[in-house]
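I have placed the structure first, in the form of structure tokens, so that the comments after it can refer back to it.
Since every read-out is calculated from the coordinates, none of them should be taken as a lab result. Everything numeric in this text was worked out from a predicted model, so none of it was measured. No Cβ is skipped: glycine too gets one built from the backbone with ideal geometry, and neighbour counts run over all protein chains shown.
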Amino acid sequence: MISWHGQVGDEFVVVVAGDRSTGEAAAERILARMREPIVIADETADVRASIGGIWAGEKRDMSELLKEADALLYDAKAAGKDVVRFQSASGAMR
């Protein structure tokens, strides 16, 4: 599932079923596709993304998960473009 999220900018929520490695692999695939040049008319756009992801092995409140993922997203943005920050419910970062 993908949906737009946030008040400002282009932020999206992607929900991936599976374990933590499934979520991390999905984030890496998204980054890889975003690295591909986008040709518009005679110009090429260079687009990069930052991803903050959270994985929970148990059912959790969606608003709390979004807050945690949002904090990781801003940490990834601070580290520069083309960065993934992924964390499990235990708090161990990658």
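Order these peptides, 60-67, 41-48, by their mean beta-carbon neighbour count within 10 angstrom, highest first. Let's see the in-between values first.
Details: 60-67: 11.8, 41-48: 8.5.
Listed from highest to lowest mean packing, they are 60-67, 41-48.
For region 2-88, what class follows from the C-alpha gyration tensor (a ≥ b ≥ c being the square roots of its eigenvalues): rounded when a/c is under 1.5, otherwise prolate if a/b is larger than b/c, else oblate? Can you show the working numbers first?
On the way: a/c = 2.09, a/b = 1.76, b/c = 1.18.
Since a/c reaches 1.5 and a/b is larger than b/c, the shape of region 2-88 is classed as prolate.
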